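Q: Structure below; questions to follow.
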């Protein structure tokens, strides 16, 4: 009888601890997100596109009865990881778009503050406008990206994807040209992310 009572107390304590962890602040770390882009040119038949699987992100969030509240998002990708399929074009892109006057090539970064995303539930997909700031070549500008967020049926895994437009002029970048081909000012981007929710550890926050 005493042994059974002790076992029941242990189970109840573990369940209470699990419930507290689930209701507290959670974290989603993304180590292999995919980012792709495409941009038109002054020649209709020519379009430049590229992608990378080196997008990383960290999301700090909490759940509430209405859905999900994101406390902070940090995402970054090194420009050197973006590939267009032609090394000469890649070098030209890094030099004219991502390299600062000091010769540095800082990460492309996105950060946001608190965002409420109602309706997020296991097995359901919702669209959330993710508003924050993007930094390219060290220049920061406001940026909003509508993201389709899906919480998988297991409740702990998430998938998200989104499409948006980045204007080079917002970051003080002139439209690059090469051999008579000049790119558009507007660049279409697409993101695909997936990750698993874990208990948030404060020491893990703060970017890379």
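The values are calculated or read from the model by the stated rules, or taken from the named source; none is laboratory data. Only a predicted model underlies this, so the values are computations on that prediction, with no experimental measurement involved. Here Cβ is always computed from backbone atoms with ideal geometry, including for glycine, and neighbour counts include all displayed protein chains.
Q: What do you reckon, is residue 110 in contact (Cβ under 8 Å) with a residue 24 or more places away in the chain and in contact with a helix residue (DSSP H, G or I) (Cβ under 8 Å, 6 or more places away or on another chain)?
A: no
Q: For region 153-167, give me the residue count where each residue is surrounded by fewer than 14 Cβ atoms within 10 Å (Cβ to Cβ) and in contact (Cβ under 8 Å) with a residue 24 or more places away in the chain.
A: Final tally of qualifying residues: 5.
Q: Something else: Among the residues of region 50-75, which ones are exposed (fewer than 15 other Cβ atoms within 10 Å of the Cβ) and within 30 Å of residue 88 (Cα to Cα)?
A: Answer for region 50-75, where residues must be exposed (fewer than 15 other Cβ atoms within 10 Å of the Cβ) and within 30 Å of residue 88 (Cα to Cα): just 53.
Q: I would also like to ask the following. Which ones in region 133-143 are at negative phi and either modelled with pLDDT under 90 or buried (at least 17 other Cβ atoms within 10 Å of the Cβ) (or both)?
A: 134, 135, 136, 143
Q: OK, next. Could you list, in sequence order, the residues of region 168-179 that are free of Cβ contacts under 8 Å to residues at least 40 places away in the same chain and out of contact with any strand residue (DSSP E or B) (no Cβ under 8 Å at 6 or more places or on another chain)?
A: Matches in region 168-179: 169, 179.
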